[in-house]
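Have a look at the structure below before the remarks.
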Amino acid sequence: MTELVVVGAGLAAANAVRTLREEGFGGRVVLLGDEHERPYDRPPLSKDYLLGTRERAAVYLHDEHWYEANSVELRLGSPVTGLDRAAREVEIAGGERIRYTKLLLATGSRPRRLRVPGADLAGVHHLRRIGEADRLREALHAGGRVVVAGAGWIGLEIAAAARSRGCPVTVVEPAPTPLHAALGPRIGGFFADLHRGNGVDFRFGTQVAELRGSDRVTAVITSDGQEIPADLVVAGIGAHPNISLAEQAGLATEAGGIRVDASLRTDDPDIYAAGDVAAIPSARYGGRLRVEHWANAVESGKAAARAMLGHEVVYDELPYFFTDQYDVGMEFTGHPGGHDQVVTRGDIDGRAFHAFWLADGEVVAGMHVNCWEEGLGGVRDLIQTRRQVDVRRLSDAAV
């Protein structure tokens, strides 16, 4: 009997098992997750779920009866501790071994932890899982002074949620602007101004060096000696891909993830990888991209499922990301690494504009802020066609 096993019960995994059934696969499907929650959507955890405007039931990807109705063996609280490629078996905690014909690794990421004195004090939070979101939501509802370590996307979304709850918020960031490495100083400055306009205090050029308090955190000490009062500290300092299982099994890794080909197959022809952990070849950008965003988890999970069934698959999707902060909605696509120019069109001060990242005269990434009628369709075309653009026309909103 053909047995397809998926390790990880997140967004990529859930889309994979659904696609297997939609494509007509009638064999055994096993979904193994280390959490005790059925698969759920993660973006709301730092957005509307954290704000309390989305109910818990709405974040789950399928209702509680879907797995049984579709003959998917959902094994929760079952972390995979070993992978035996020769025997084609995975081992879960407790020693049970499960055989596979094809295996998908969709193990996701875990948040980088604060590794400073005092990081074990009460009141220190990291955000990746729904239980962590529950605790953080309750803490924000109680109020108090919030310090966010890191001004990346997660850090900014948490800061926006905390301000929306009325909490005083300070963001500590070693770079000179939010999102500096990803978007550059101009667009990073836009997000800094957005948050300052909503009462956020930024401390740039420094980082969290120590947390003080007896049982609970009461203050943050930065690397340049500032002391910031805090009742609540949230780390938004990035994530680590969960690739240890692949490494222990001797699978090839690259770009911080599991090396796969265009069909998401690893160097073992019976093992595939999708989502955060997959280092995928990119025809557009060259080399390999490892993308930790929602759309990649959705689409790569579907693509991996089709490839496992023997379909011809070439996965080369443009990265896509979205965020909601205060009255700003943003969509982003592409990969700005290596850009040499940023061009904008529209009204930045009025919070309705497009931005484009160019390399050697070609658009490599783009975003819009509150321009929902135009969206990203034209941006995607510019990226994919790789044609030289006239910067003057690109920046002219009348064209």
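The values are calculated or read from the model by the stated rules, or taken from the named source; none is laboratory data. The structure presented is a predicted model; accordingly, all values stated were derived computationally and were not measured. No Cβ is skipped: glycine too gets one built from the backbone with ideal geometry, and neighbour counts run over all protein chains shown.
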Worksheet, complete the sentence: Per the filter on segment 171-226, residues closer than 16 Å to VAL148 by Cβ and assigned to a helix (DSSP H, G or I) are HIS180, GLY188, PHE191, ALA192, LEU194, HIS195, ARG196
Discussion item. Please count how many residues of segment 6-47 are aliphatic (A, V, I, L, M) and within 13 Å of the chain's Cα centre (by Cα).
Written reply: 3
Worksheet item: When segment 358-378 is examined, which residues are found to be over 21 Å from the mean Cα position of the chain (by Cα) and assigned to a strand (DSSP E or B)?
Response: LEU358, ALA359, GLU362, VAL363
Fill in: Filter result (hydrophobic (A, V, I, L, M, F, W, C), outside any loop (DSSP other than H, G, I, E, B) and surrounded by fewer than 20 Cβ atoms within 10 Å (Cβ to Cβ)) within segment 292-313
TRP294, ALA295
Worksheet, complete the sentence: Cβ pairs under 7 Å, 6+ apart or interchain, first in segment 88-104 and within 20 Å of ALA307 (Cα to Cα) and not assigned by TED's automatic domain parsing to the domain that holds ARG28, second of a type in the set (A, V, I, L, M) and part of a strand (DSSP E or B), ordered by first then second residue, are none
Response to the item:
The lone condition LEU51 fails out of (1) over 19 Å from ALA297 (Cβ atoms); (2) among the hydrophobic types (A, V, I, L, M, F, W, C); (3) in contact with an Asp or Glu (Cβ under 6 Å, 6 or more places away or on another chain) is (3)
Response to the item:
Of the conditions (1) β-branched (Val, Ile, Thr); (2) under 24 Å from ARG290 (Cβ atoms); (3) not assigned by TED's automatic domain parsing to the domain that holds VAL298, the single one that VAL80 does not satisfy is (3)
Worksheet entry | Some residue of segment 118-127 being free of Cβ contacts under 8 Å to residues at least 12 places away in the same chain and not hydrophobic (A, V, I, L, M, F, W, C) | yes
Worksheet item: Is one or more of the residues making up segment 284-291 within 23 Å of GLY24 (Cβ to Cβ) and either at pLDDT 95 or above or not aliphatic (A, V, I, L, M) (or both)?
Response: no
Worksheet item: Would a scan of segment 277-297 turn up a residue that is under 30 Å from THR170 (Cα atoms), in contact with a strand residue (DSSP E or B) (Cβ under 8 Å, 6 or more places away or on another chain) and aromatic (Phe, Trp, Tyr)?
Response: yes
Worksheet item: Which is touching a Cys at 6+ places or on another chain (Cβ under 7 Å) and not assigned by TED's automatic domain parsing to the domain that holds THR101, of GLY361, GLY378, GLY334, GLY346?
Response: GLY346
Worksheet item: For segment 314-345, which residues satisfy the criterion of being part of a loop (DSSP other than H, G, I, E, B) and either surrounded by fewer than 18 Cβ atoms within 10 Å (Cβ to Cβ) or out of contact with any strand residue (DSSP E or B) (no Cβ under 8 Å at 6 or more places or on another chain) (or both)?
Response: VAL314, ASP316, GLU317, TYR326, ASP327, GLY337, GLY338, ASP340
Discussion item. As an exercise: evaluate ALA355 against (1) buried (at least 20 other Cβ atoms within 10 Å of the Cβ); (2) over 29 Å from ARG28 (Cα atoms); (3) within 15 Å of the chain's Cα centre (by Cα) and give the number of the one condition it does not meet.
Written reply: (3)
Worksheet entry | strands (runs of 3 or more DSSP E) completely within segment 75-146 that count 2 or more residues being surrounded by fewer than 17 Cβ atoms within 10 Å (Cβ to Cβ) | 80-84, 89-92, 97-99
Worksheet entry | Checking ALA305 against (1) of a type outside the set (Lys, Arg); (2) closer than 30 Å to GLU22 by Cβ; (3) without any contact (Cβ under 8 Å) to a residue 60 or more places away in the chain; (4) in contact with a strand residue (DSSP E or B) (Cβ under 9 Å, 6 or more places away or on another chain), the condition it does not meet | (3)
Item to complete: Output the residues belonging to segment 11-48 that are closer than 30 Å to ARG163 by Cβ and surrounded by fewer than 24 Cβ atoms within 10 Å (Cβ to Cβ).
Response: GLU35, GLU37, TYR40, ASP41, ARG42, PRO43, PRO44, LYS47, ASP48
